[in-house]
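Here it is, the structure, as structure tokens.
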Amino acid sequence: MKPIPKATLVRFQSLIALVVMVVFLSLKAENFLTVPNGLNILLQISVNLCLSIGMTLIILTGGIDLSVGAILALSGAVAAGLLKNGLTLAWAGVQLQFTPFGAVLAGIAVGATLGCFNGMAITRFKLPPFVATLGMLSIARGFTMLWTGGFPITGLGPTFGFIGSGFYLGVPMAVWICLGLTALFYVVTRHTTLGRFIYAVGGNEQAAAYSGLEVNRIKVWVYTLGGALAGVAGLLVTARLDSATPNAGLGYELDSIAAVVIGGTSLARKFH
């Protein structure tokens, strides 16, 4: 009899535990198994879902990213600061003002840039992912503190707030965003060349290199995507709270790693 794959067994055990928990809570709390509570739970997990999509891609390549919580904080703070105060270019005597859409793009760009730096540090300077991303955690936290001056940035307006606290067809907008990202990256990992390359690099990096894959470029792309998704998570947190705080996202990296492992992605590979 063919043995059950470990990943399949983990998923099955997680599903059984989830069913038991749902049944137990439904019996103990009459409001648990209701649509409003279900939507509230989906809203609560939306930020971690964004982070976990990027973390899944990174772990699939045999890497790890400890900086996603700090990138989340900096991306949200930059978007909030640009939206609230604009950007002054003293050397040119110019004051730039940002629309909510422009601030969103800026926040995602910050996340992608920091993720790209992670990938470059790992591939060009041969730093272990643990060391490189731990360093980025401190760097991003420091920049967040400098950008905000240690104080929250609030009063971002209803248009920006709609991203995190608005509803469309009765479902929170943050949930729609996360569902869209989940569907997109499911297609990317299962039905695109990039997805096959990611699995190849994580399965055997040396064999992937001998097969002609540009392993370093693939890793940089993966960490860039992970940073961009952390940026999206930062926007959701900031928009929902109508506030960008220097301490946003503390410990979120551990939550996302735990979610990825519980979801069945194996950590049983060397980080490289």
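The values are calculated or read from the model by the stated rules, or taken from the named source; none is laboratory data. Computed from a predicted structure; not experimentally measured. Every residue, glycine as well, gets a Cβ built from its backbone with ideal geometry; the counts of neighbours run over all protein chains shown.
Name the residue that is farthest from the chain's Cα centre (by Cα), counting only residues in region 124-133 that are surrounded by fewer than 17 Cβ atoms within 10 Å (Cβ to Cβ) and in a helix (DSSP H, G or I). I'd like the intermediate steps shown before the answer.
Let us first name the residues in region 124-133 that are surrounded by fewer than 17 Cβ atoms within 10 Å (Cβ to Cβ), namely 124-128, 130-131.
Filter again for in a helix (DSSP H, G or I), leaving 130-131.
Values: 130: 17, 131: 19 Å.
Filtering region 124-133 for residues that are surrounded by fewer than 17 Cβ atoms within 10 Å (Cβ to Cβ) and in a helix (DSSP H, G or I), the one farthest from the chain's Cα centre (by Cα) comes out as 131.
Looking at this structure, is residue 197 more than 18 Å from the chain's Cα centre (by Cα), surrounded by 13 or more Cβ atoms within 10 Å (Cβ to Cβ), under 20 Å from residue 77 (Cβ atoms) and at pLDDT 95 or above? Let's see the steps before the verdict.
Values: more than 18 Å from the chain's Cα centre (by Cα): yes; surrounded by 13 or more Cβ atoms within 10 Å (Cβ to Cβ): yes; under 20 Å from residue 77 (Cβ atoms): no; at pLDDT 95 or above: yes.
Against the criterion (more than 18 Å from the chain's Cα centre (by Cα), surrounded by 13 or more Cβ atoms within 10 Å (Cβ to Cβ), under 20 Å from residue 77 (Cβ atoms) and at pLDDT 95 or above), residue 197 does not qualify.
While we're on this one: Given the residues 26, 52, 14, which is the only one that is over 21 Å from residue 166 (Cβ atoms) and touching a Ser or Thr at 6+ places or on another chain (Cβ under 8 Å)?
Numbers: 26 fails: touching a Ser or Thr at 6+ places or on another chain (Cβ under 8 Å); 14 fails: touching a Ser or Thr at 6+ places or on another chain (Cβ under 8 Å).
Sole residue among the options that is over 21 Å from residue 166 (Cβ atoms) and touching a Ser or Thr at 6+ places or on another chain (Cβ under 8 Å): 52.
To continue, here is another question. In region 107-138, what residues are charged (D, E, K, R) and without any contact (Cβ under 8 Å) to a residue 12 or more places away in the chain?
The first filter runs over region 107-138 and keeps only residues charged (D, E, K, R), leaving 124, 126.
Matches in region 107-138: 126 only.
Considering each residue of region 75-123, count those that are within 18 Å of residue 239 (Cβ to Cβ) and either touching a strand residue (DSSP E or B) at 6+ places or on another chain (Cβ under 9 Å) or assigned to a helix (DSSP H, G or I) (or both), and give that number. Working first, answer last.
Here is the first cut: in region 75-123, the ones within 18 Å of residue 239 (Cβ to Cβ) are 75-85, 98-111.
Among the residues that remain, those that are also either touching a strand residue (DSSP E or B) at 6+ places or on another chain (Cβ under 9 Å) or assigned to a helix (DSSP H, G or I) (or both) are: 75-85, 98, 100-111.
Number satisfying all stated conditions: 24.
While we're looking at this one, here's another question. Out of the residues in region 47-71 that are among the small types (Gly, Ala, Ser) and buried (at least 24 other Cβ atoms within 10 Å of the Cβ), which is farthest from residue 246 (Cα to Cα)? Give the derivation first.
From region 47-71, those among the small types (Gly, Ala, Ser) are 52, 54, 62-63, 67, 69-70; that's our starting set.
Checking the rest, the ones that are also buried (at least 24 other Cβ atoms within 10 Å of the Cβ) come to 52, 54, 63, 67, 69-70.
Details: 52: 22, 54: 22, 63: 27, 67: 14, 69: 11, 70: 9 Å.
Across region 47-71, the extreme among qualifying residues is 63.
Which of the residues that make up region 243-267 are in contact with a strand residue (DSSP E or B) (Cβ under 6 Å, 6 or more places away or on another chain) and either of a type in the set (Ser, Thr, Tyr) or surrounded by fewer than 19 Cβ atoms within 10 Å (Cβ to Cβ) (or both)? Give the derivation first.
Keep residues of region 243-267 that are in contact with a strand residue (DSSP E or B) (Cβ under 6 Å, 6 or more places away or on another chain), which gives 243-244.
Correct list: 243 only.
Determine which member of the set 71, 4, 16 is at pLDDT 90 or above and closer than 30 Å to residue 267 by Cα.
Details: 4 fails: at pLDDT 90 or above; 16 fails: at pLDDT 90 or above.
The match here is 71.
Oh, and also: Filter region 9-46 down to residues that are surrounded by fewer than 11 Cβ atoms within 10 Å (Cβ to Cβ) and in contact (Cβ under 8 Å) with a residue 24 or more places away in the chain, then give me how many there are.
Qualifying residue count for the region: 0.
So residue 230 fits all but one of (1) on the phi > 0 side of the Ramachandran plot; (2) buried (at least 18 other Cβ atoms within 10 Å of the Cβ); what number is the exception?
(1)
Could I ask something else about it? Checking residue 255 against (1) over 20 Å from residue 43 (Cα atoms); (2) modelled with pLDDT of 95 or more; (3) among the charged types (D, E, K, R), which single condition isn't satisfied?
Exception for residue 255: condition (1).
If residue 13 passes every condition in (1) touching a strand residue (DSSP E or B) at 6+ places or on another chain (Cβ under 9 Å); (2) more than 29 Å from residue 169 (Cα to Cα) but one, which one does it miss?
Status for residue 13: all satisfied but (1).
Working carefully through the options 160, 167, find the one that is free of Cβ contacts under 8 Å to residues at least 24 places away in the same chain and of a type in the set (Phe, Trp, Tyr). It would help to see each step written out before you state the result.
Values: 160 fails: free of Cβ contacts under 8 Å to residues at least 24 places away in the same chain.
Of the residues listed, the single one that is free of Cβ contacts under 8 Å to residues at least 24 places away in the same chain and of a type in the set (Phe, Trp, Tyr) is 167.
Still on this structure, please answer the following. In region 135-189, what residues are under 19 Å from the mean Cα position of the chain (by Cα) and either loosely packed, with under 15 Cβ neighbours inside 10 Å or on the phi > 0 side of the Ramachandran plot (or both)?
Those that are under 19 Å from the mean Cα position of the chain (by Cα) and either loosely packed, with under 15 Cβ neighbours inside 10 Å or on the phi > 0 side of the Ramachandran plot (or both): 138, 179, 180, 182, 183, 184, 186, 187.
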